[in-house]
Each structure stands twice: as C-alpha cells, then as structure tokens.
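Only one structure is covered here, and it is reproduced in the block below.
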There are 2 protein chains.
Amino acid sequence: MERNLQRLAARMAGLGVALRPHLKTCKSVEVAQCMMVSRAGPATVSTLREAEEFAAAGVRDMTYAVGISPHKLDRVIALRAQGVDLSVILDSFEQAEAVAARSRAYGLPIPALIEIDADGHRAGVRPGAPELLRAIGELLASRGAELRGVLTHAGASYHAHGASALEQAAEGERAAAVAAAAVLRSAGLPCPVVSVGSTPTAHFARHLEGVTEVRAGVYAFFDLVMAGLGVCGLDDIALSVLATVIGHQPNQNGGWTLTDAGWMALSRDRGTAAQAVDQGYGLVCDLAGQPLGELIVGEASQEHGVLVPRPGSVAPAPPLPLGARVRILPNHACATAAQFDRYHVLNGTPAVEALWPRFNGW
Amino acid sequence: MERNLQRLAARMAGLGVALRPHLKTCKSVEVAQCMMVSRAGPATVSTLREAEEFAAAGVRDMTYAVGISPHKLDRVIALRAQGVDLSVILDSFEQAEAVAARSRAYGLPIPALIEIDADGHRAGVRPGAPELLRAIGELLASRGAELRGVLTHAGASYHAHGASALEQAAEGERAAAVAAAAVLRSAGLPCPVVSVGSTPTAHFARHLEGVTEVRAGVYAFFDLVMAGLGVCGLDDIALSVLATVIGHQPNQNGGWTLTDAGWMALSRDRGTAAQAVDQGYGLVCDLAGQPLGELIVGEASQEHGVLVPRPGSVAPAPPLPLGARVRILPNHACATAAQFDRYHVLNGTPAVEALWPRFNGW
C-alpha cells in the first residue's frame, strides 16, 4: 500500500497537480491518513457518512463527489458549520436552485462543483451543452451559493483496454473538464477548481494541463480489475481475504477445494468477468501473496468458496489440505473491503501489526 | 415478513417436521425472534459470529451449517461450555478426527452432523459413497464425539425452473438425506436428526417422510430471485432499499434516472441475470412497494444506481423528479441486507416503527 501511495503521489507531483484521494475505497481513518497529504485533507468522499466520520477525525477539506440531493443539504451545512470545507457536486438547474436556496437560508454560500459527463458513463452535464453549464454556473454564482469549479470522472476508463486506450480516456477526461472550465470563465464566471480522476486515468494521463486536482481511490489497494487493465501488477495488490480450506470434492470437474470465504467475504463483484483473464471471485495465493498456480475462486455461495484451476490453465494446483490457509486477491477492492469492519495490517511478516477499523453506511 | 413466516410455519406443521430457521439472511436478534418457535431456538447459522451473537441473545440450540475447520473448534467449545447446544457439520474423515480429538480433549462430545451432497452443488459426502459415510459415522460415534445425524442442502434448487422441477429438487434432497440416515442406522449407528432445507425446496416439498427438520432462511424476506423461481410473489418481498433520485440523463438510451443507491446499497448480486426476467440490480417501486412500470436498476456503480425501463418493456416509466423517493426490491435479500447495519421496520404506514440492528462478520 505504501508503495502504491508513493507511486501516485510522485506521478501527480511530476504532472504538477494536487491529489485529492478518494476515501470511498478504504473508509478507514488510518488508511486515509496514509493517503492524504495532511491530516486535514484534501480528500474526496462518496457518502455523507464518510464526510462525517473523516470530519470527526480532523479532515477539513472534502468534496462529496456524488450528485447532491436537496434533502442532504442540512447534513452538508452541519459539517460546514463545524469548519469543514465540504463541497458538493451537481449537474442540473434544479440542484443548483436547491443549493442556492439553502445557502441563502443558511446565510453562507455552499460551494458546488458542476459535474461534467466526459464519456457518457454516468452523471454530468454533456460537454455539448454549454448553455446549461453557463446557466447552472450563473445561478450558483449569483444566487447565494459558491461556484467552486468543475469535476469529471472517466468511469468508462474501467473498461478501456491497453495503455493507449487508457491514455486516450485520460486525455478525454482532462479535455472535457478543461473545456467546461473555459465555458464558465468565458462567461465571466469563476472556476478555481478543475477536478478529474479515476485510478486508471490518474496512472495513464500524459499531461494534465489546465487541471488543478486529481481524484483516485482504489490505487491504495489495487485489485484484479486494475491488474487486468494493466494499471498495476499482481504484486501491487495490497488487499486480500484470508480463507481456510474446509473440504474437498475431488470428483467434481477439475477437483474442488472448498474454503470458508464465499461472497459474504469476497463480495459478489465479478469485475474481471469482462476482462481477458476472468479471475472468478478472486485469485488464490499463499500466505505470502504468491499465486498458487492458476487457482481461482470459481464459484461462491454465502460462506463457501469453490477453488478450481482457471479454465484452460495448465499450471498444477498444489494440494491444499483441510485447514490450509490461503489469501484471495479480490476483483474489486472497494466491494471486498466493504464486507469487513476492520483491516488486519501486515508488514512483511505473518504477524498482524495492527487492526484498523473501517465503517460503511450512509 | 410476518405473512411469510406464518406461511412456512404452517406448511412445516402440515408436513409434520420441525423448522430450524436459518439466521444468515437476517443476522438480527429481533428478526430471529420472529422466525424461531421460541427465544431459545432452534436455529441454523452460517458463521460462528452469528452463533455467538444469537447465543448472547438467549438462543440455546443452533447448527453451524458450514463445514467445520479444526481451528474453529475452540469457539464451538466455548459456546457449548456456556450451555449452548451448538452442533457442527462435516463431510470428511479428517474433520471427524479433529472433532473427535477436540471432544476428547474437552471431555464432552461435540455433536456433528454428516453433510450429504444431494445434488453435486457444493459440499457433502456423495450418496454413492456409503463406506465413507459409515466410516465417518463410526469415528464420530466411537471416538468421543456425538453423531447427531445427517444434513443436506439442495443448493441447485436455486436454479430449478417451475413447480415440477422444484418438487423434484425437494424430493431429491429428502431422498438423499433419508438414504444417508438409513446407511448409518443399518450400521447400528445413531441418526436422530435428518435435516434438509433451502427456501425453494421447503416451499415445494410434497412430503417429508423420514425428515426431522427443515432449514430455510431467505423466506423471511424473499427477493426477486425467489419471485423469479415462483416461490413467492413480488408482493411477498419484505425487504427493500430506499433510494433518492439525484439526477437524469434524458439523452441516454431509454432515458436514465440516477439514484443514490448503487451496489454499495444493493450489493453486486445479479441473481436474476440467469432467470427469465432479468431485474438488473433491482426492481424499482413506489414507497408503498408497487412496481413503477417496468423500471429496474439497469446499472450500478458504488453510490449510483441507473434506473432504466427493462429492455423490451412497453410500460411507460413514470417521471421521477429530483429528490423523489423510490424503493428497490433486491435480487438477493441475504446479499442486500448485508450491506446495512440496521433494518428500518415498517408496518403498513410510511412511519418507521423501529430500528432493528443487524451485524456481519465472522
């Protein structure tokens, strides 16, 4: 994890932009403190629960990077009243009206970034809709809120294949955000923040001209989906699930080894199913994190994982007797970490160095 | 939920068998108390954490229905020492040796059921291996443990289609367990418990001759997978996720409505993907639980759900403005409930009648 954090921090420094790490993957104060440049932030969050938990731990600069719903503004204001610079994001006139109205009622501006849809993946104002962008910006700036800037997330980069596709996704994300900022500025509106980010694009952007900050989260742990995209190697994956062998079905096709880590532990995420190498519900490793041949979790029920050789593999699977321990590398660190209420922290030896609590919820 | 519980309780009474509800779906003391015939049980659990939590709430009769790993026996013994009749399951000679050895060391027999593989779905001794069954039974009965009986779970019933396939799965499950019991008894071994169960087979078994108890869990809440199998109607689904509309992408194919319930709230479970009606990540309903046309959660990211008309649907989707509230019926109640730390209990009105805590973990 430390190497992953250093790698992206160095990359961002080289590109001359700030890093605003996304804390939605870790949901842990201790991990967050490793990720952030200072104990006060900056940081990105995906829920108000995260904002509240990290605020209680001293974080003072956060962006809540999911489109704001009006009924959540009271919690935003409560945090701002405590001295937390929490900004919201939005992509509609209705949301901007609600944020401006609550800002006036509160008597202080709530900062908002306009979300830009760089790739048709999810939310955001289309780059081809400069009138809407200007209208939202003008409403925020003139009716009591604060227009803090623009923000985009190249979600489609999770499905890009190869370095050049990832570089292209990064450039598309950058260009969309910078163009949106130009639309606002040419209308005489402020746009101090130009925020982009996803773990793949953060690692493949060739330059970030015009961008002020990058958001990324899963890079702290990485996972099989990121390895499949070529963003990291298997050796970089810093999160695993410890499982125990509870049985065998030698007569099943390929021979099954059963463990006590099913989807309740691994999550139902099957993100590698659409990649070149389908890792099932996870890649099976020894306690040192070295893959055991090409053994994967081929099937999972709630508390059972079925270890099988990856279809087509020729590597012999080592015998794993009853009670043997294995580590499962997850498809998607965000989803797998969410199945647990703490991290067991390892530092090169089998001894658990610390327990770091994590939280879920909204 | 109350109607679901009454339905299965009446069915089991009619078939003359005991119900040992599986608490892995709810993981809630309050729900468990509604499911169990008494506050002391009987019950089934899928983790030792469940056993410990429910023991602390007064449950005294539990089966830990995931194959035992030797290193977990100390926790089993700790619960038994508190007066909890916790039994374990196993399907190998090695496990039986470990259970017998720990029983002798503890000075009291640990009760074990031999798991039978009724349908090649997961764990268990094959019905075609009576020698192994007898050898495990003899070891348990003669070397210090307690041979409590046999147990099977027709996991393949989750993929059966139609009433006659479900009746057949139920009969296969019953017959496998009863045949295994006969093997043990004909060898002069005890087999007081003949335990079968899954929610589909519990609802479709035509008779349960020779069976002493049935296990089922998801029937308390039901879900879209169970509705797709014909085990329940949509009206029976007693669990939903409350979500709020946070945006729209009208230019996307079919028109997208974005909510704040992504896979973190709904889980990544896509259990209906293999069924006749693919419900995406969930079926969208109004606050009273009535489906809104054929609107489903077509895509989900961590904190975003994308509502779209089900492909091929002709029902018009009602307009859902910013801030509108919807309820999402889940594919799989066990997986969705696990994403939350409490239930908001409703009783026919919009008011929340109670908050019932739930837990996860091992």
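Overview of results
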read-out: Residue satisfying condition, being touching a Lys or Arg at 6+ places or on another chain (Cβ under 8 Å) and surrounded by fewer than 24 Cβ atoms within 10 Å (Cβ to Cβ), within set B:E167, B:E138; value: B:E167
read-out: Test set (1) at pLDDT below 95; (2) touching a Gly at 6+ places or on another chain (Cβ under 6 Å) - B:L258 fails condition number; value: (1)
read-out: Search result, residues across region A:340-362 that are part of a loop (DSSP other than H, G, I, E, B) and either within 15 Å of A:V241 (Cβ to Cβ) or of a type in the set (F, W, Y) (or both); value: A:F340, A:D341, A:R358, A:F359, A:W362
read-out: Residue that is of a type in the set (A, V, I, L, M) and surrounded by fewer than 24 Cβ atoms within 10 Å (Cβ to Cβ), where the choices are A:A202, A:A227; value: A:A227
read-out: Meets criteria (more than 14 Å from chain B (Cβ to nearest Cβ), surrounded by fewer than 24 Cβ atoms within 10 Å (Cβ to Cβ) and of a type in the set (K, R)) for A:R102; value: no
read-out: Region B:54-66 - residue that is touching a helix residue (DSSP H, G or I) at 6+ places or on another chain (Cβ under 7 Å) and not aliphatic (A, V, I, L, M) and, of those, nearest to B:G197 (Cα to Cα); value: B:Y64
read-out: Failed criterion for B:L258 (all others in (1) among the hydrophobic types (A, V, I, L, M, F, W, C); (2) within 8 Å of chain A (Cβ to nearest Cβ); (3) outside any strand (DSSP E or B); (4) more than 19 Å from B:Y158 (Cβ to Cβ) hold); value: (3)
read-out: Number of the exception - B:T259 against (1) assigned by TED's automatic domain parsing to the domain that holds B:G280; (2) surrounded by 24 or more Cβ atoms within 10 Å (Cβ to Cβ); (3) in contact with a helix residue (DSSP H, G or I) (Cβ under 8 Å, 6 or more places away or on another chain); value: (3)
read-out: Residues of region A:321-339 satisfying the condition of being hydrophobic (A, V, I, L, M, F, W, C), part of a loop (DSSP other than H, G, I, E, B) and surrounded by 20 or more Cβ atoms within 10 Å (Cβ to Cβ); value: A:L322, A:A338
read-out: Among (1) surrounded by fewer than 23 Cβ atoms within 10 Å (Cβ to Cβ); (2) farther than 24 Å from A:L5 by Cα; (3) of a type outside the set (A, V, I, L, M, F, W, C) - the single one A:G233 does not satisfy; value: (2)
read-out: Residues satisfying the stated conditions in region B:264-297, i.e. within 10 Å of B:V225 (Cα to Cα) and among the β-branched types (V, I, T); value: B:T272, B:V277
read-out: Within region A:73-102, tally of residues that are basic (K, R) and within 22 Å of the chain's Cα centre (by Cα); value: 0
read-out: Candidates A:V99, A:V59 - the one that is among the β-branched types (V, I, T), touching a Lys or Arg at 6+ places or on another chain (Cβ under 8 Å) and assigned by TED's automatic domain parsing to the domain that holds A:M35; value: A:V59
read-out: Residue that is within 22 Å of the chain's Cα centre (by Cα) and basic (K, R), where the choices are A:R185, A:R143, A:R134, A:R122; value: A:R122
read-out: Every residue from region B:218-245 that is in contact with a Phe, Trp or Tyr (Cβ under 9 Å, 6 or more places away or on another chain) and within 14 Å of chain A (Cβ to nearest Cβ); value: B:V225, B:V241
read-out: Subset of region A:312-339 that is under 15 Å from A:S240 (Cβ atoms) and β-branched (V, I, T) - its residue that is nearest to the other protein chains (Cβ to nearest Cβ); value: A:T336
read-out: Subset of region B:103-124 (residues that are touching a residue at least 40 places away in the same chain (Cβ under 8 Å) and part of a helix (DSSP H, G or I)); value: B:S103, B:R104
read-out: Filter result for B:V214 (outside the structural domain of B:T272 (by TED's automatic domain parsing), of a type in the set (V, I, T) and in contact (Cβ under 8 Å) with a residue 60 or more places away in the chain); value: yes
read-out: Any pair with Cβ under 7 angstrom, 6 or more apart, that starts in region B:125-148 at a residue that is over 14 Å from B:S92 (Cβ atoms) and ends at one that is among the hydroxyl-bearing types (S, T, Y) and outside any loop (DSSP other than H, G, I, E, B); value: B:G144/B:S103; B:R148/B:S87
read-out: Test for A:D235: is it touching a residue at least 40 places away in the same chain (Cβ under 8 Å) and part of a helix (DSSP H, G or I); value: yes
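The values are calculated or read from the model by the stated rules, or taken from the named source; none is laboratory data. Worth saying up front: this structure is predicted, and the values here are computed from it rather than measured. Methodologically, a virtual Cβ is constructed for each residue, glycine included, from the backbone with ideal geometry; neighbour enumeration extends over all protein chains shown.
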